[in-house]
Amino acid sequence: MRLLLVEDDAMIGASLVHGLSDAGYEVDWVRDAVAGAAALDDPSAHYVAALVDWGLPRGDGVSLIARLRSRGDAIPVLMLTARDRLEDRVRGLDAGADDYLVKPFELQELLARIRSLLRRPPRRAGNAVTVGSLTLDPVSHEAHVEGRRVALSAREFALLYALMDAPGAVLSRTQLEDRLYGFDDPVESNAVEVVIHAVRRKLGRAVVENVRGVGWRLGTPS
Ligand code: CA
């Protein structure tokens, strides 16, 4: 899992990279707001979350987050800052930060906050739902993967929407049938598999994972 760290303090940055790497994360560390924006604009980076310092050269963390949210990016963001006045915290959260950690902090607390961010259900930017590199647009019934647009049928859309609504959860055949079909629709015994097959053909086999005997969960599109 890859994190973006935007932090200009060399000692804090190096120590966070060290601690986060020890905890199993890959970390890209950039040291100013312009480099942070460029990293966040890179669709191939696939960051699971960003840790953003408030005070940065060539801009500031709050503007960086506000810009990210204004273009619909739903990546979880944790602000790191020495500011602890209430109005500053409110400003950071209003700009679109998901959480806030005041320096100095213990690495253990940072790791717990990151785990908590990654457990949250996906943030909705407008009506779109985003998990990792996959975004669903309920207005156009399209999936967006790394800049590629894929048109989906109503049932293909409903299947992905159900899986993305609970990332990590395994949904049973009955649960998926309920999401894909109305009460009065006759459901063929292999109906769910047919829709999964169609979705995999469009977004790669790994986009839907089969958990044998239990059901299916969201995987990674290709
Ligand atoms: Ca700073």
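The values are calculated or read from the model by the stated rules, or taken from the named source; none is laboratory data. On a predicted model such as this, the values are computed, not experimentally measured, just so you know. Cβ placement follows ideal geometry from the backbone for every residue including glycine, while neighbour counts extend to all protein chains displayed.
Per-structure values
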read-out: Residues that are more than 16 Å from ALA45 (Cβ to Cβ), surrounded by 15 or more Cβ atoms within 10 Å (Cβ to Cβ) and of a type in the set (A, V, I, L, M), drawn from region 1-16; value: ILE12, LEU16
read-out: Residues of region 14-62 that turn out to be closer than 21 Å to LEU118 by Cβ and assigned to a helix (DSSP H, G or I), as a count; value: 11
read-out: Residues of region 24-51 satisfying the condition of being touching a residue at least 60 places away in the same chain (Cβ under 8 Å) and surrounded by fewer than 15 Cβ atoms within 10 Å (Cβ to Cβ); value: PRO43, SER44, HIS46
read-out: In region 109-145, residue surrounded by the fewest Cβ atoms within 10 Å (Cβ to Cβ) [restricted to those that are modelled with pLDDT of 90 or more and in contact with a helix residue (DSSP H, G or I) (Cβ under 9 Å, 6 or more places away or on another chain)]; value: LEU111
read-out: Flag for ASP73 being buried (at least 18 other Cβ atoms within 10 Å of the Cβ), at pLDDT below 85 and more than 13 Å from the ligand (Cβ to nearest atom); value: yes
read-out: Of the criteria (1) in the same structural domain as GLU26 (by TED's automatic domain parsing); (2) of a type in the set (A, V, I, L, M); (3) surrounded by fewer than 19 Cβ atoms within 10 Å (Cβ to Cβ); (4) out of contact with any helix residue (DSSP H, G or I) (no Cβ under 8 Å at 6 or more places or on another chain), which one ALA154 fails; value: (1)
read-out: Qualifying residues in region 88-108 (those that are within 15 Å of the ligand (Cβ to nearest atom) and either basic (Lys, Arg) or in a helix (DSSP H, G or I) (or both)) - the one modelled with the highest pLDDT; value: LYS103
read-out: Residue tally, condition under 30 Å from ASP137 (Cα atoms) and either part of a loop (DSSP other than H, G, I, E, B) or of a type in the set (S, T, N, Q) (or both), over region 63-87; value: 8
